[in-house]
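What follows is a set of notes on a single structure, which appears directly below.
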Amino acid sequence: MIISIDKAVYLDGYKIKFDFSDGGSQTIDFEKFLEKAKNPMTKKYLDKDKFKSFSIEYGDIVWNDYEMCFPIWDLHEGRI
């Protein structure tokens, strides 16, 4: 079964709630991931305005034309 993201809603801080095509949902907090990031291309998303600028493309969440993205299955399972 192929899972995709149907909807992603910014909550607060670095939290996003995901609704998936199989009816499941997860809320993921990206704060620790971003704080530990060593790559400046990723670290810049600690700026909340940049972090909130994600989009859903082809069932996947992306920032700035795939500058930052995550495997859908990992998000579905609640891990990044």
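The values are calculated or read from the model by the stated rules, or taken from the named source; none is laboratory data. This structure is a prediction, so every number in the text was calculated from the model and none was measured. Every residue, glycine among them, receives a Cβ derived from its backbone with ideal geometry; neighbour counts consider all protein chains shown.
Residue-by-condition table, conditions (1) of a type in the set (D, E); (2) at pLDDT 95 or above; (3) farther than 14 Å from R79 by Cα:
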{"position": "M1", "(1), (2), (3)": "no, no, yes"}
{"position": "S4", "(1), (2), (3)": "no, yes, yes"}
{"position": "G13", "(1), (2), (3)": "no, yes, yes"}
{"position": "D19", "(1), (2), (3)": "yes, yes, yes"}
{"position": "S25", "(1), (2), (3)": "no, yes, no"}
{"position": "K32", "(1), (2), (3)": "no, yes, no"}
{"position": "P40", "(1), (2), (3)": "no, no, yes"}
{"position": "K44", "(1), (2), (3)": "no, yes, yes"}
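Looking at the range 49-80, which of the residues that are among the charged types (D, E, K, R) and either touching a Gly at 6+ places or on another chain (Cβ under 8 Å) or surrounded by 14 or more Cβ atoms within 10 Å (Cβ to Cβ) (or both) is modelled with the lowest pLDDT? Among those residues, the one meeting the criterion is D60.
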